[in-house]
Amino acid sequence: MSATGVWVALVTGVNKGIGRAVARRLGELGMCVYLGARDEARGRAAERELRADGLDIRCVRLDVTDEDFVTLAAKRVGAEWGHLDVLVNNAGTGGPVGAPSETPLAEVRRTYETNVFGVITVTNAMIPLLRRSTAARIVNVSSVLGSLTHAARRHDPSGVFPAGVFPAVLDYNTSKAALNALTVTYANELREEGILVNAVSPGFVATDINGHRGDLTPEQGARIPVLLATLGADGPTASFVGEDGTPTGQELSW
Ligand SMILES: NC(=O)c1ccc[n+]([C@@H]2O[C@H](COP(=O)([O-])OP(=O)(O)OC[C@H]3O[C@@H](n4cnc5c(N)ncnc54)[C@H](OP(=O)(O)O)[C@@H]3O)[C@@H](O)[C@H]2O)c1
């Protein structure tokens with residue numbers, strides 16, 4: 001928030017899926033929401049759809065792997081508002097499921113570019129703007145598949161996968177484990193400044209990333225990310241919260 005009284009948010013990867021649902025909800029809460037989309041035409045289509053409902057939605061071309069686009073996005077938010085209150089690092093990719101020992105290195109590198117290095121690129125570019133907010137929040141959209149504790153126990157606390165089964169997706173799972181480590185590392189840098197940084201496992205959501213096999217809608221999957229984006233000053237930082245249907249979600253092990 002700033003002197004204008006308007007909350008400003010940036011969500012990455014919003015042309016579809018959980019990201020679009022998060023952007024819609026933050027817009028419905030009265031925020032000005034920048035939609036980061038790498039495909040401008042699809043980003044504009046999402047912008048039109050959400051604006052038609054009266055929301056202050058602004059499409060910004062953003063491939064998180066391209067520093068030039070990220071810098072331009074930060075300059076635009078800075079020029080239009082001078083600050084940023086909420087950053088949701090939602091853009092993600094990965095898969096398919098396969099034996100780790102047979103996963104092509106190129107696939108791992110591609111996933112890390114978006115899920116890990118992309119998050120660092122966007123976060124570092126936005127931190128100067130977040131520091132100008134009175135109550136900034138960063139939400140990293142991770143996955144329970146990134147939990148080392150649950151992987152080691154082969155136990156999915158959400159119950160989507162049966163006991164003893166924990167899908168091995170080398171690129172995706174390890175990139176989300178790295179994203180969890182980034183969450184804690186940034187949280188520790190920023191906690192004294194009142195900037196809360198948390199990770200979320202949104203549940204098993206029916207989107208393109210899993211061939212629409214999930215049992216939650218994108219709107220349901222947006223619930224915990226929005227909760228973490230709108231935490232009060234007494235909210236947690238460096239926490240990993242999963243969707244379990246309870247009001248505040250379930251604290252997950254890293
Ligand atoms: N669905 C689930 O069950 C589930 C569970 C746990 C975690 N998640 C996480 O939730 C997040 C959203 O996924 P989703 O389920 O909504 O899948 P999705 O519908 O496939 O959406 C992924 C979004 O990320 C964007 N994206 C990918 N790479 C990008 C890049 N380099 N730059 C900018 N945008 C990029 C995609 O854009 P394009 O359309 O241009 O590819 C798309 O908008 C991901 O981080 C995913 O890992 C999902």
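The values are calculated or read from the model by the stated rules, or taken from the named source; none is laboratory data. All of these numbers come straight from a predicted model, not from anything done at the bench. Note that each Cβ is placed from the backbone with ideal geometry, even for glycine, and that neighbours are counted across all protein chains shown. For the accessible areas, the whole protein counts, side chains as well, though only heavy atoms, and no ligand, DNA or RNA atoms are used. Shrake-Rupley method; radii C 1.70, N 1.55, O 1.52, S 1.80 Å.
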Considering the range 192-207 alone, what residues qualify as being in contact with a helix residue (DSSP H, G or I) (Cβ under 6 Å, 6 or more places away or on another chain), more than 6 Å from the ligand (Cβ to nearest atom) and open to solvent by 10 Å² or more (accessible area, probe 1.4 Å)? Gly203
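Identify all residues within the range 208-222 that are at pLDDT 95 or above and either away from the ligand (no atom under 14 Å from the Cβ) or part of a loop (DSSP other than H, G, I, E, B) (or both); write none if there are none.
If we filter the range 208-222 for residues that are at pLDDT 95 or above, which is where we start, we get 216-222.
Scanning the range 208-222 gives Thr217, Ala222.
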Pairs where the first residue, in the range 59-85, is hydroxyl-bearing (Ser, Thr, Tyr) and the second is assigned to a helix (DSSP H, G or I), C-beta under 8 Å, 6+ apart: Thr65/Glu113; Thr65/Thr114; Thr65/Phe117; Thr65/Gly118; Thr65/Thr121; Thr71/Ala125
Failed criterion for Ala163 (all others in (1) modelled with pLDDT under 95; (2) assigned to a helix (DSSP H, G or I); (3) among the small types (Gly, Ala, Ser) hold): (2)
Filter the range 1-20 for residues that are open to solvent by less than 10 Å² (accessible area, probe 1.4 Å) and more than 14 Å from Asp208 (Cα to Cα); which is nearest to the ligand (Cβ to nearest atom)? Thr12
Selected residue (criterion: farthest from Ala73 (Cα to Cα)) from residues of the range 21-39 that are assigned to a helix (DSSP H, G or I) and within 10 Å of the ligand (Cβ to nearest atom): Ala21
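Can you work out which of the residues in the range 106-157 that are assigned to a loop (DSSP other than H, G, I, E, B) and open to solvent by 70 Å² or more (accessible area, probe 1.4 Å) is farthest from the ligand (Cβ to nearest atom)? Give the derivation first.
Residues of the range 106-157 that are assigned to a loop (DSSP other than H, G, I, E, B), as a first pass: 131-136, 142-143, 147, 154-157.
Restricting the remaining residues to those that are open to solvent by 70 Å² or more (accessible area, probe 1.4 Å) gives 131-132, 134, 154-155.
Details: Arg131: 24, Arg132: 24, Thr134: 28, Arg154: 18, His155: 16 Å.
Looking at residues that are assigned to a loop (DSSP other than H, G, I, E, B) and open to solvent by 70 Å² or more (accessible area, probe 1.4 Å), I get Thr134.
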Only one of Glu102, Glu47 is open to solvent by 10 Å² or more (accessible area, probe 1.4 Å) and within 14 Å of the ligand (Cβ to nearest atom); which? Glu47
